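Structure first, commentary second.
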Amino acid sequence: MPGSGERVAGSIAPITEQPTLSIRKPPRTVFDLSAFSRGPCALADGPVIDGDDPLVRAVQERRNILIAGSTGSGKTSLLSSLLQIDSVVS
């Protein structure tokens, strides 16, 4: 898997009763922020709309942000789209 972007994590006793192995594949698509304003997205500051959004400003100002949700709720997708903001990766 070197060079393909997959990540592997394993657990054994005493962490888990049975040995486990997880393989995480990188996403096929990285959504832009507008995708989160089109669908159901429960953000504390409201849906992400544009560069004037409080969440976008918080990222640009390098403030601490808590992103929480259940498995499959889009936490990693939201973080990936926030990292696309030009001023963050400069």
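The values are calculated or read from the model by the stated rules, or taken from the named source; none is laboratory data. These figures come from a predicted structure and were not determined experimentally. Positions of Cβ are generated from backbone atoms using ideal geometry, with glycine treated the same way; all protein chains shown enter the neighbour counts.
Quick check on segment 3-29: of everything there that is among the small types (Gly, Ala, Ser) and within 19 Å of Thr71 (Cβ to Cβ), which residue is surrounded by the most Cβ atoms within 10 Å (Cβ to Cβ)? My answer is Ser11. Residues in segment 1-34 that are small (Gly, Ala, Ser) and in a loop (DSSP other than H, G, I, E, B) were compared, and the one that is farthest from the chain's Cα centre (by Cα) is Ala13. Out of (1) at pLDDT below 80; (2) out of contact with any helix residue (DSSP H, G or I) (no Cβ under 7 Å at 6 or more places or on another chain), the odd one out for Gly10 is which? Checking Gly10 against (1) at pLDDT below 80; (2) out of contact with any helix residue (DSSP H, G or I) (no Cβ under 7 Å at 6 or more places or on another chain), the one that fails is (1).
Is it the case that some residue within segment 26-39 is modelled with pLDDT under 80 and in contact with a Leu (Cβ under 8 Å, 6 or more places away or on another chain)? Yes, there is a match, as at least one residue in segment 26-39 is modelled with pLDDT under 80 and in contact with a Leu (Cβ under 8 Å, 6 or more places away or on another chain).
Restricting the search to segment 66-84, which residues are in a loop (DSSP other than H, G, I, E, B) and surrounded by 13 or more Cβ atoms within 10 Å (Cβ to Cβ)? Selection gives Ile67, Ser73, Gly74.
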